[in-house]
Structure formats: structure tokens, C-alpha cells
2 protein chains.
Amino acid sequence: MAGVLVSQRVADAYGEHILEISRRCSRPLDVVVSGPSAPLSANVCNALEIAFYSRDVWEGCDKTFINPETRAFFTAVDAAPKLRWLQVTSAGADLPIYQPSLERGVRVTTSSGANAEPMAQTVTWAVLSLARATAHWMAGQRRREWSPLISPDLPRDLRGQNAVIIGTGPVGQSIARLLRTLGLNTIGIRRTPAPAEQFDRVTTYERIDDVLPHAQWLVIACPLTETTQGLIDARRIGLLPPDAHVINVARGEILDEAALIDALTQQRLAGAYLDVFAVEPLPTESPLWAMPNVIITPHNCSASAGNSGRGVDIFLHNLENFLSGRPLENEVDRPDTA
Amino acid sequence: MAGVLVSQRVADAYGEHILEISRRCSRPLDVVVSGPSAPLSANVCNALEIAFYSRDVWEGCDKTFINPETRAFFTAVDAAPKLRWLQVTSAGADLPIYQPSLERGVRVTTSSGANAEPMAQTVTWAVLSLARATAHWMAGQRRREWSPLISPDLPRDLRGQNAVIIGTGPVGQSIARLLRTLGLNTIGIRRTPAPAEQFDRVTTYERIDDVLPHAQWLVIACPLTETTQGLIDARRIGLLPPDAHVINVARGEILDEAALIDALTQQRLAGAYLDVFAVEPLPTESPLWAMPNVIITPHNCSASAGNSGRGVDIFLHNLENFLSGRPLENEVDRPDTA
């Protein structure tokens, strides 16, 4: 019988649901629990066809640390010769631990979308923090000082400002939807110039230089790919106007962090909000921690209690697709077909 | 010739525009400039029919301080026997300095709406600050500490929470529009149960006790009137669930501040965002300044460079209405007809 590898927590909460789907599709499945204490036998690994890397297994990992639960999970994944499908908890498929599966032709699907709304809410918080007089107000509160801003020190209206959002997937669209409600014009960057929901205008990666000079907000919300790695380099940062803010909630590798620090130091940019970094955890000695008009969150902008359930929903939906031979949602291009 | 009283700044920037409207309506007007240095002559005061109390005259005033510009302006207003219409810069008409005009039958119009969008944006910032993990993240940034939140410490999803918004005018509607985009259910409180744009549901002041137990967010955004003075008293604060936050961007007199402090201290409420207070400036010794999960701004949540222009737009639009005998926008009920 084909095996589906899941965490203890998923087995406890959704095991029955998984078996019900397998019965409905007349494809009997064995729910196999992954855990760091006891490695799976060769027999069990040989039967694995499906693996669900859920949020609870992932929690605690970062760019430099892989937790024992994740280590055990991918030891089993990589030892499963018949594995055909791996569902992962992240929105991107760029984590090194996924690469062996991708390279040997296992289908990989992401949880893109599960975290989109809380991510967009954190981005909106950061935009409002940087655009309204919040730093002034919060400093006043700490000093118990009543000092309302009056003209000519009033913040600019957000309405009418331009947000260039790189990535028009679920995260980019959620961000565009909220920023649009604040009155910003939303310009999306994607592979093709086809319209995308929530965007006033769309252009391609090839034409990004045309729109950067008009961006008050540059929001990076795309997957890390060959196209996007190093996309926002020193030259492109130089194309932004001095009143621009840079926001990165995608991957540190997309943005030249040293060039960003230079531009902020020389006041060629107004500020930044960063959730992701070249090196994570962000080293204690990074100047970014203490720069004015820079907001730092620890690769955590999506944090919300509902993400885990939304991730499971995507897996269960895809499980039914997989067992019925229907296309999978959020399937990533394999390296050889990209 | 009838006089229209304005500030020097309005006369300089919009004097020609005012005269153009008066010519278009065939109602010649004399633009009279108010200033703190030279009082107006009795002749000039006698001819005043219209007065525009613009944002630049008001700036610097608070509940306990009236600046010289405002003093001079209302000295002229109160000495103008033929004054028929006063346009004010605030969204409410409850300021004591407006009362003599209201009492003697001068028509008063407010600038309600001019500040609505920036106010709603500040409220949205405060909601996101209190609902997302921002206090944790900002404390981490100050300590240069990388500590992502993981379960079970994740913040709750905002989607599906209930916002009870008192006041369904331009400010209440702008707030409802943004909170709805974040996934909140919006319940409006108004005089009549007629539907209001941006609200999922509307109920009346008489029925407010029915909805308070279900509010995760109580937002006060209504005028100060006999109905709303003291509306959110200790008993009604007690009806809110312990996960509720209270937001007041209207007037301090609507909310029992001492009862709010008690509830926050005893953790019968989750937090608050306050822009207005019983006494303004908020006294240094108020415990509110330093309470956890309390955000304070100095009656300044609307601060935005575009408000002044939007206030002038409302005045110019109403000037044409006034000179043509059409109804005025934002006209307030006189005390005797309320």
C-alpha cells in the first residue's frame, strides 16, 4: 500500500480526513508518521509515494539551522525511491533541502497563498509606519510628550503614490489589494505583461528599469529564481527616487543588501522594511538593526495562527487532485523544464 | 459689499478663486483677511456674511490653548452682526469657540471628510500594530535579537474578527472600508438602523449593548453630541470581551477614561489606541502613556499634508452652494433644532 509521510501532529488531527479522501478516490493509503526519534524502516520508505512537509515540522528552522524534525523528515524523503509528490509548507521552492527531490523528478507543490494575507497585513503595517508620523508619535509617547505635528512637518498623503510590486502571485496580489485600498497606484512586475488582479498596471522583468524611477514603494514579493536572484542590485537601487522605500518579504538574495545600506546611509532612499536578509539570522553587527526609517522583522512577517490550517487545506485539496489524476495547485517547474 | 473672512494664507492662495465664484454667482464679495496683529474695523465686521476658519488658523490650538490667530478670527466672527455662514476646519462642531455662532443662528458647516482617509489609515496602523506581532518584533530590533514567533505564540488572524464602529459618517466609513479589507466584519452604530456603505451591519445607539459583547475592536468615530457624551461608560466597557481593543479618534468625552484604565490594568481588555482624551494635552502623569498595548497619539491622527487643500475644496464648493441658494454640505444641526 502506498504511504503518505506526515508529522505526528498532522496524523493526529487530519489522519482520518486523509484516509477518507483515499477511500473516496479508491486509492488506499497508509499514513506514515515522521519523527526525529525513530528512523523509518527501508520497507516503509520504499512504499512512500507522498510526503507533506507541514509547518509544525518546519518551525524553528532558518537559513543556517535545520531542526531534528526536518532532518528526519527529509532523510525519509530522500530514501524513498518511489516518492512521486512532495508538498512543502513554504511559499517558495528554493530551500536547499527540497533540491534533491526536485532534481530526481519528484513533483513539488508549495503552500503559496496560505500565508499571503498576514504577510500583506504586515507589509501594510510597515508602509503605514513609514508613511504616517508614527516614529514621531511613538517617540513622543515614550517621553510622555504631547507634540502634534503641524505644517510644514505633516506627512505626505499616501493616496496617489506609486507601489511597484515584484511578483504578482498570491502574496503580491494580497499586498496590491491592501495598498490599493490606501490609495496607492499598483504596478506589478511579472514574466509576461498580462494583466493581474489588484494591479493597475503590469510590466515585465525586462522593463523594470522603466518603472523604478517612479516608485515611492518598491515591494519584493516574488520567488527566488534565476531571473530574480540579484535583481535589485546597486544600479537599480540607484534608479529609485530619493523618497522611495524598499520592502523585501521574499528572499534576501534578490536584493543587494550592501548597496541598500549605502543608499540609506547616503539618504538616496527614504527607508526600508526587511523581513529577509542575505544572511539569516541577521548578524548582530549588521548596521540595519539601528538605522533610522528601517524596520526589521525576523523572517516572520507571515506569523499568524491560521496559516497552519490553510497549509493543510492546500495539501488536502492537492491530495484529492493527486489521487484523481488532476493537475496539482502550486506545482513548481522542475529545474530541467524551467 | 458682503465680506468673506479668511486667513492671509487662504487669501493669497485662493482669493482669486473666491472672487471668480462670486462673479459666477453674480454676488460680489469682498475678501477680508483675518490676522492677530490688527483688529478689523466695525465697518468691515458689519459687512461680514461668510467666515472660513481654515486649518492654518487653527493649527497649534488644543483643548486648553487658543492661539492668537484663532482668537482674532473669532473676535471678528462674534462682532459680525450679519454673519450668516461659518465654515470650520474640524470634522465636529463641538468646539466651545463655535458655540456663540451656533446659538445666534449662524449656519455652521464642518470639514467632515477632509481628514477621513488619513485618520482611517492611522486607525488601520494601530489595529495592525496591536493585532500583529509588532511589539515583539520592534523590541527584538531594539535589542538586535532575531526571535521569530512560532506556535503557540502566533498572533490570531484578523480575518473574521468583529469591529464595532460608532459613527457611520465619512470617518466611520473610511475606517470600515479599510478594516473590511483586512477581513474584519464591520458593524456600524448610528441614529437610525438604515444601511451605511462599508458596513456589513448597522444598529442604533439604543441597541449598542447587544453588539459590544461580540466586538474584538470598538472604534469611536462619531461626533460629540448629547447622545454620545459618556456613551462608553464603565458598564459598557464591562460588556466588551477580554480580547477587545478600544480605539478613540473622536472626542475624549465619549469614553470614560478612568474606567478604561481600570479595565486595561485588570486585563479585562486587550489594549487601546487613543488619539483624544478627557484632558488635552494628556497630562504627563497619566498612566496611559506607559501602559502595555496602549498606543497614544496627540490628537493628531489625521495629520497629512493634503487635508488643508481638501478643507479648502469643501469651502469653495459650499461657497458656490451658499451664493446660489443651494443646500450646504456638512451643515450641522443648530442646538434648537437638534
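The values are calculated or read from the model by the stated rules, or taken from the named source; none is laboratory data. Small disclaimer: the values here were computed from a predicted structure and weren't measured. A quick note on method: Cβ atoms are made from the backbone with ideal geometry, for glycine too, and the neighbour counts reach across all protein chains shown. Note: areas computed on protein heavy atoms with side chains; ligands, DNA, RNA excluded. Shrake-Rupley method; radii C 1.70, N 1.55, O 1.52, S 1.80 Å.
Think of each Lys and Arg Cβ as +1 and each Asp and Glu Cβ as -1; about the Cα centre, that makes the dipole of the protein assembly as shown roughly 620 debye.
Of all chain B residues, the one whose Cβ lies closest to the rotation axis that maps B onto A, given with that distance rounded to whole Å, is B:THR181, 2.
Assuming charge only on the beta carbon of Lys and Arg (+1) and of Asp and Glu (-1), the dipole of chain B about its Cα centre is about 540 debye to the nearest 20.
Within chain A, antiparallel bridges make up roughly 5 percent of the DSSP beta bridges whose residues both belong there. Between the listed residues A:LEU218, A:LEU255, A:PRO193, the Cα displaced farthest toward the positive end of the dipole of the stretch A:181-258, a dipole computed from Cβ unit charges relative to the Cα centre, is found at A:PRO193. Here the Gaussian network model covers chain B, with springs between Cα atoms less than 10 Å apart; of B:HIS136, B:HIS17, B:HIS317, B:HIS136 fluctuates the most.
Computed from Cα atoms, the angle from the helix A:116-131 axis to the main principal axis of chain A rounds to 10 degrees.
Take B:MET138: with every protein chain present and a 1.4 Å probe, its accessible area is about 50 Å².
Placing unit charges on each Cβ (+1 for Lys and Arg, -1 for Asp and Glu) gives chain B a dipole about its Cα centre, and among B:LEU182, B:GLY238, B:HIS136 the Cα reaching farthest toward its positive end belongs to B:LEU182.
Suppose you put the label 7 Å out from Cα in the Cβ direction; list, shortest first and in nm with one decimal, how far B:PRO28 is from each other copy's label. Once sorted, the set of distances for B:PRO28 reads 10.2 nm. Could you list the trypsin sites (Lys or Arg not before Pro) in the stretch B:1-84 that lie in coil according to DSSP, counting only those with at most 15 other Cβ atoms within 10 Å of their Cβ? Answer by residue number: B:LYS82, B:ARG84.
Loop-located GluC sites (Glu not before Pro) across the stretch B:284-338 with a Cβ neighbour count of 11 or fewer within 10 Å are B:GLU285, with loop assigned by DSSP.
Compare A:THR168, A:THR203, A:THR89 in a GNM of chain A, Cα atoms joined below 10 Å, and give the one with the largest fluctuation. Greatest mean-square fluctuation among the candidates belongs to A:THR203. Distance between the pseudo-spin-label points of B:ARG84 and B:LEU19 (7 Å out from Cα toward the beta carbon): 2.2 nm.
Plainly put, the tip 7 Å out from Cα toward Cβ on A:GLU285 is 5.0 nm from that tip on each other copy, the closest given first.
Association of chains B and A removes close to 5200 square angstrom of accessible area from solvent, both sides included, for a probe radius of 1.4 Å. Note on the stretch B:1-158: antiparallel DSSP beta bridges, both residues inside, total approximately 5 percent of the bridges counted. Positive-end ranking of B:GLY160, B:SER7, B:ILE314 along the dipole of chain B, with charges on Cβ about the Cα centre, is headed by B:GLY160. Pick from B:ALA47, B:ALA163, B:ALA250: which is most flexible by mean-square fluctuation in a GNM of chain B where alpha carbon atoms under 10 Å apart are linked? Taking springs between Cα atoms under 10 Å, the residue moving most is B:ALA47.
Looking at the protein assembly as shown alone, DSSP beta bridges between its own residues are antiparallel in about 5 percent of cases. When the surface is traced with a 1.4 Å probe over the full set of protein chains, B:LEU182 keeps roughly 0 Å² accessible. Does the stretch B:1-64 come out rounded, prolate or oblate, given a ≥ b ≥ c as the square roots of the eigenvalues of its C-alpha gyration tensor, rounded meaning a/c under 1.5 and, failing that, prolate meaning a/b above b/c? Taking the square roots of the gyration eigenvalues as a ≥ b ≥ c, the stretch B:1-64 is oblate.
With R₀ set to 45 Å, the beta-carbon distance separating A:HIS317 from A:ASP210 gives a calculated FRET efficiency near 0.70.
Between identical copies, the spacing of A:ALA305 label points, each set 7 Å from Cα toward the C-beta atom, reads 4.2 nm from nearest to farthest. Rolling a 1.4 Å probe over the protein heavy atoms gives chain A an accessible area of 42 Å² per residue.
Note on chain A: with neighbouring protein chains present and a 1.4 Å probe, carbon and sulfur make up 52 percent of its accessible heavy-atom surface. Report the FRET efficiency, 1/(1 + (r/R0)^6), for A:ALA258 and A:ARG104, where r is their Cβ-Cβ distance and R0 is 41 Å, rounded to 0.05. Here the calculated transfer efficiency is 0.70.
When +1 charges are put on Lys and Arg Cβ atoms and -1 charges on Asp and Glu Cβ atoms, the dipole computed for the stretch A:133-278 relative to its Cα centre reaches about 420 debye.
Taking 18 Å as the straight-line reach from the Cα of B:LYS82, the aspartates and glutamates in range (excluding those fewer than 8 positions away in the same chain) are B:ASP30, B:GLU49, B:GLU103.
Is it possible to state the helix-based mean residue ellipticity at 222 nm for chain B, with each DSSP H run of 4+ residues giving -39500 (n - 2.57), the sum divided by total residues, to the nearest 500 deg cm²/dmol? What is it?
-10000 deg cm²/dmol
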